[in-house]
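As structure tokens, the structure follows; a few thoughts come after it.
The values are calculated or read from the model by the stated rules, or taken from the named source; none is laboratory data. Quick caveat, the model's predicted, so the values are computed rather than measured. Backbone-built Cβ (ideal geometry, glycine too); neighbour counts: all protein chains shown. Accessible surface areas use protein heavy atoms only, side chains included; no ligands, DNA or RNA. Shrake-Rupley method; radii C 1.70, N 1.55, O 1.52, S 1.80 Å.
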2 protein chains.
Amino acid sequence: MSPSSKLLAGVELGGTKCVCILGTGPEDVRALERLPTGDREETLRQIESVLDRWRSQHGSLRALGIASFGPVDLRPGSPTYGFITSTTKPGWRNTDVALRLARKLGVPVGFDTDVNGAAMAEGRWGAAQGLDDFAYVTVGTGIGVGSIVRGRPIFGMNHTELGHIRVVRKAGDKFAGVCSFHGDCIEGLASGPAVEARAGQPASQLPPDHPAWDYVAHGLGQLMHTMVLTTAPQRIFLGGGVMSAQTHLFERIRDELRRSLNHYVEGTELEGGLAHYIVPPGLGTMSGPLGALALAADAEQQAMHQPPVATAASR
Amino acid sequence: MSPSSKLLAGVELGGTKCVCILGTGPEDVRALERLPTGDREETLRQIESVLDRWRSQHGSLRALGIASFGPVDLRPGSPTYGFITSTTKPGWRNTDVALRLARKLGVPVGFDTDVNGAAMAEGRWGAAQGLDDFAYVTVGTGIGVGSIVRGRPIFGMNHTELGHIRVVRKAGDKFAGVCSFHGDCIEGLASGPAVEARAGQPASQLPPDHPAWDYVAHGLGQLMHTMVLTTAPQRIFLGGGVMSAQTHLFERIRDELRRSLNHYVEGTELEGGLAHYIVPPGLGTMSGPLGALALAADAEQQAMHQPPVATAASR
């Protein structure tokens, strides 16, 4: 097997399920396996066994990408680089993910948040091709945002965590919120579990005219307002389980954003009813798994310019 | 006069006053002139006459930087590039600033928001030297934030405008806010005019134990919370008239931020009581005027890599 035929592997570590993916891009997915995200040791061993099997079936890999729920430690040189850190997910606090898999595979490993990965996939293969500044939002088990500035995810003292900003509540919304850190941050108010706690039934099954959606759309509109003013994305992609099941939310969120900005920000992007500004991801529900593959592709490109030993521990 | 002895000029266009500055940096300010920001035509003519006088006294300039209150249009190719656009300031809507001065002077012109300029000055000469990701906040006539990502201001569909995000109010805060676009956005709640409207006397003269500061500190703490989660700056500089007159606010804002984040974000930057994270600007009250000079220096460097005609209209 020639080097050019070798494949990339990706692991999307999600709050509910993990997706392992093998291939070179959206047109060339060779294998895809889903696992429930359970006990961390068992889950990581299952992922390792999928990767082992793929290596024996398809030969050695070019690179691995890991797109993980967060928060994760991406700080170069940190003793907990590559760890999932202060997550709200039980049993997963302080879990080494990136270095463990890097040691096992011995190939360049790209590691970032699930939403940064999804955003990079949209930029590389999806609906953000040609854009330098955009954002991918997931509304599902949690709420997360990957903000791309000049073609790369924002990274300061660590990665961003917009799902935990606090937003102004719609008048009359007395729901306490479900975030164990912040109560009524936007994830606490409008994620899938928040909707279920509000309405008493799963978000995916809630009818579009349920009053809970008024509060959720208002909250997500406030998240968009903050995003427009903090990073001024050229386009915002809304994905995740809640958005793909409840597509009526798109127009409601556009309305809330328009009302909230009140013509303060001018931009051709904001004209035309925002129908081209607040949009579904081009890769659909594959943004997440392909995000992991995009991180693998980035890691491979970076490794060409760096000594191999540094690859897994740098961005 | 040799080319190397030629000087940079800057104009800080503020909501209350304009500052014209001549020199090469903080250690070499040759001239500084303040003008009230009044009628736009009169104000721009006064600025032009200062620049004319400096050219006749000091010889031709190397470049000009303009750091302006906003919003401004920074979109390359826009028919209103270089304009102040939808400002809340009476009489200044849709005002050409950058191209007017560029045509007059015939040198490279850098144009950006006042806060982006101040942030770039902190990075070039001040307390942000060596940092790639940081933010400069002004709390004065308005509230504005310059967010630097990988060494440059964020610029997507346009510049950012964090002063107009909406924040969660402290319980009991019923003040309607003074922003003509958004009412109780953070500028509407915590800028100098907002404090004066709350308390009935100018913000600079209000005693530190006045109850209005509780609401202001809470609101600014929420702005910090949002900044930490949206751009994860390595450090945040708080400047502007309100902050420099009311230094007790620093500790209050740190307390509010710590409480609000609730240990969700981990970073060495956030340890030690935030005393090294939420700090005054290194250039003090000169951040603003030196911001204009920093934009001039950047414009000159860019011009070396571009055809001269494109300089004034590109970033």
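Say we look at the range B:49-84 and pick out the residues that are of a type in the set (D, E, K, R) and open to solvent by 30 Å² or more (accessible area, probe 1.4 Å); which of these is nearest to the other protein chains (Cβ to nearest Cβ)? Before you say what the answer is, go through the steps one by one.
Looking only at the range B:49-84, we keep the residues that are of a type in the set (D, E, K, R), and these are B:52-53, B:55, B:62, B:73, B:75.
With open to solvent by 30 Å² or more (accessible area, probe 1.4 Å) added as a condition, the list becomes B:52-53, B:55, B:62, B:75.
Numbers: B:Asp52: 32, B:Arg53: 35, B:Arg55: 34, B:Arg62: 27, B:Arg75: 8 Å.
Among them, the one singled out is B:Arg75.
If the requirement is being more than 16 Å from the chain's Cα centre (by Cα), without any contact (Cβ under 8 Å) to a residue 60 or more places away in the chain and within 14 Å of another protein chain (Cβ to nearest Cβ), which of these qualifies: A:Arg100, A:Arg169? Give the derivation first.
Numbers: A:Arg100 fails: within 14 Å of another protein chain (Cβ to nearest Cβ).
None of the others qualify; the one that does is A:Arg169.
Can you tell me which of A:Leu189, A:Leu220 is touching a strand residue (DSSP E or B) at 6+ places or on another chain (Cβ under 9 Å), under 30 Å from B:Pro153 (Cα atoms), within 14 Å of chain B (Cβ to nearest Cβ) and at pLDDT 95 or above?
Working: A:Leu189 fails: under 30 Å from B:Pro153 (Cα atoms).
Among A:Leu189, A:Leu220, only A:Leu220 is touching a strand residue (DSSP E or B) at 6+ places or on another chain (Cβ under 9 Å), under 30 Å from B:Pro153 (Cα atoms), within 14 Å of chain B (Cβ to nearest Cβ) and at pLDDT 95 or above.
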### Summary
Going through the range A:156-185 in order, the residues found to be touching a helix residue (DSSP H, G or I) at 6+ places or on another chain (Cβ under 7 Å) and on the phi > 0 side of the Ramachandran plot are A:Gly177
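Just give me the residues in the range A:239-276 being of a type in the set (A, V, I, L, M) and more than 22 Å from A:Ala190 (Cα to Cα), in sequence order.
Matches in the range A:239-276: A:Val265, A:Leu270.
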### Summary
Per the list (1) in contact (Cβ under 8 Å) with a residue 24 or more places away in the chain; (2) under 16 Å from B:Phe111 (Cα atoms); (3) open to solvent by 60 Å² or more (accessible area, probe 1.4 Å), residue check on B:Ala9 breaks on (3)
### Query
What residue, among those in the range B:130-155 that are at negative phi and among the small types (Gly, Ala, Ser), is farthest from the other protein chains (Cβ to nearest Cβ)?
B:Gly140
### Residue in the range A:1-34 that is modelled with the highest pLDDT, counting only those that are within 19 Å of A:Gly140 (Cα to Cα) and outside any strand (DSSP E or B)
A:Gly14
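If you check A:Thr268 against the conditions, is it within 14 Å of chain B (Cβ to nearest Cβ), open to solvent by less than 20 Å² (accessible area, probe 1.4 Å) and of a type in the set (Val, Ile, Thr)?
Values: within 14 Å of chain B (Cβ to nearest Cβ): yes; open to solvent by less than 20 Å² (accessible area, probe 1.4 Å): no; of a type in the set (Val, Ile, Thr): yes.
For A:Thr268, the condition - within 14 Å of chain B (Cβ to nearest Cβ), open to solvent by less than 20 Å² (accessible area, probe 1.4 Å) and of a type in the set (Val, Ile, Thr) - is not met.
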#### Entry: A:Val168 vs. criteria over 19 Å from A:Gly70 (Cα atoms), assigned to a helix (DSSP H, G or I) and open to solvent by less than 50 Å² (accessible area, probe 1.4 Å)
no
### Query
Of (1) of a type in the set (D, E, K, R); (2) within 14 Å of another protein chain (Cβ to nearest Cβ); (3) over 22 Å from the mean Cα position of the chain (by Cα), A:Arg235 satisfies all except one. Which?
(3)
### Query
Of everything in the range A:247-265 that's within 13 Å of chain B (Cβ to nearest Cβ) and in a loop (DSSP other than H, G, I, E, B), which residue is least open to solvent (accessible area, probe 1.4 Å)?
A:Tyr264
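When you look at A:Ala245, is it of a type outside the set (D, E, K, R) and in contact (Cβ under 8 Å) with a residue 60 or more places away in the chain, yes or no? Talk me through it step by step, then tell me what you get.
Values: of a type outside the set (D, E, K, R): yes; in contact (Cβ under 8 Å) with a residue 60 or more places away in the chain: no.
Against the criterion (of a type outside the set (D, E, K, R) and in contact (Cβ under 8 Å) with a residue 60 or more places away in the chain), A:Ala245 does not qualify.
Run down B:Thr113, B:Thr138, B:Thr160, B:Thr87 and say which single residue is touching a residue at least 12 places away in the same chain (Cβ under 8 Å) and surrounded by fewer than 24 Cβ atoms within 10 Å (Cβ to Cβ). Please lay out each step first, then the result.
Numbers: B:Thr113 fails: surrounded by fewer than 24 Cβ atoms within 10 Å (Cβ to Cβ); B:Thr138 fails: surrounded by fewer than 24 Cβ atoms within 10 Å (Cβ to Cβ); B:Thr160 fails: surrounded by fewer than 24 Cβ atoms within 10 Å (Cβ to Cβ).
Result: B:Thr87 is the single residue among B:Thr113, B:Thr138, B:Thr160, B:Thr87 that is touching a residue at least 12 places away in the same chain (Cβ under 8 Å) and surrounded by fewer than 24 Cβ atoms within 10 Å (Cβ to Cβ).
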### Message
Yes or no: the range B:274-294 includes at least one residue that is open to solvent by less than 10 Å² (accessible area, probe 1.4 Å), within 30 Å of A:Ile84 (Cβ to Cβ), among the β-branched types (Val, Ile, Thr) and within 14 Å of chain A (Cβ to nearest Cβ).
### Response
yes
#### Entry: Residues that are open to solvent by 10 Å² or more (accessible area, probe 1.4 Å) and either without any contact (Cβ under 8 Å) to a residue 24 or more places away in the chain or among the polar types (S, T, N, Q) (or both), drawn from the range B:183-197
B:Gly183, B:Asp184, B:Glu196, B:Ala197
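Residues that are closer than 29 Å to A:Arg235 by Cβ and among the β-branched types (Val, Ile, Thr): list the strands (runs of 3 or more DSSP E) wholly contained in the range A:35-150 that include at least 2 such residues. Break it down stepwise before answering.
Working: elements: A:61-68, A:109-113, A:134-139, A:143-149.
Counting at least 2 such residues, we get A:134-139, A:143-149.
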